[in-house]
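Worksheet for the structure shown next.
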């Protein structure tokens, strides 16, 4: 199963370009960069990669290194322009059905990108303004992974056609995230905190999982519950990490 892979050295980027592998995004440190880095940047741009300029501090935080790298690249990133294409990729896809608040969606998108999932499908009826607000709150995660918008029926249909398992996250679930198999390509389906997932979506799911609770408030915030599921997916698929 393929997970998006981050290339943190010039040698790794050069090797990927030499193998004609898809580079989706290259982050360039602001200011001057060396001759080798500049040449690799132009090769990546010519191959179709998008280029973003980031501050040295941002680049340093992304890698955790003392020195900010000149370039960071993302392999197999946002290439899927349709739900059908996204479902054909490897990795985990998130389906967010009926979420109301831009803050919740934005924080979920940030968590999904951080975990290295393949992409997200938003199934809601938002206008453009709340959608743009969600992207802003996600720290513009859409730069690094596909964030698509489609009706729930289209999401389910393409997931089934691609042979993906459907795992619904709901308080009514009869299993916990660590009791199900995340190693095959799957879609994690998530609904709003107030209403949950629609019955038609729950009925389509292969598994319905819940995050255990011990308090009085009836549910976790949605990004907290998604974070638990993402952590279990990462634990079960360590070989897919870049």
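Bear in mind these aren't lab numbers, they're just calculated from the coordinates by the rules spelled out. Here the structure is a predicted model, which is why all the values come from computation and not from measurement. Cβ placement follows ideal geometry from the backbone for every residue including glycine, while neighbour counts extend to all protein chains displayed.
Among (i) 14.6; (ii) 20.3; (iii) 13.8, find the value of mean projected area of the Cα convex hull in nm² that was calculated from the structure presented, and write down its label.
(iii)
Can you tell which of 104, 124, 221 shows the greatest fluctuation in a Gaussian network model of the chain with Cα springs below 10 Å?
In this elastic network of the chain, the residue with the biggest mean-square fluctuation among 104, 124, 221 is 221.
Which angle from 0 to 90°, rounded to the nearest 10, does the C-alpha axis of helix 222-236 make with the longest principal axis of the chain?
Orientation of helix 222-236: about 70 degrees from the principal axis.
Over the chain, calculate the relative contact order: mean separation of alpha carbon pairs under 8 Å at least 6 apart, over the residue count, as a percent.
RCO, the chain: 21 percent.
Measure nothing fancy, just the Cα-based angle from helix 35-46's long axis to the longest principal axis of the chain, in degrees from 0 to 90, nearest 10.
Once rounded, one gets 50 degrees.
How big is the range 113-242 in terms of Cα radius of gyration and Dmax, in angstroms?
According to the Cα coordinates of the range 113-242, Rg and Dmax are 14.7, 40 Å.
Express in nm, to one decimal, how much length is gained between residue 176 and residue 203 on full extension, taking 0.36 nm for each residue of separation and deducting their alpha carbon distance.
Additional length available on full extension: 7.9 nm.
Give me D for the range 5-75 in µm² s⁻¹, whole number, from Stokes-Einstein with Rh from the Kirkwood sum over alpha-carbon pairs, 37 °C and 0.692 mPa s.
277 µm²/s
Give me the extension gain from residue 11 to residue 110: residue separation times 0.36 nm, minus the current Cα-Cα distance, reported in nm with one decimal.
On the way: separation 99, 0.36 × 99 = 35.64 nm, distance 2.81 nm.
Value of the extension gain: 32.8 nm.
Could you check the simple spin-label distance between residue 47 and residue 195, using points 7 Å along Cα→Cβ, in nm with one decimal?
4.4 nm
Return the inverse of the average 1/r over all pairs of distinct C-alpha atoms in the range 1-119, which is the Kirkwood hydrodynamic radius, in Å to one decimal. Please report the intermediate quantities before stating the final value.
Values: mean 1/r = 0.0644 Å⁻¹.
Radius from the Kirkwood sum: 15.5 Å.
Sort largest first and round to whole Å: the equivalent ellipsoid semi-axes of the range 73-136, each the square root of five times a Cα gyration tensor eigenvalue.
Ellipsoid half-lengths, sorted descending, are 21, 13, 11 Å.
Could you please state, rounded to a whole Å, how far the C-alpha centre of the range 184-229 is from the C-alpha centre of the range 27-41?
Between the Cα centres of the range 184-229 and the range 27-41 lies a distance of 43 Å.
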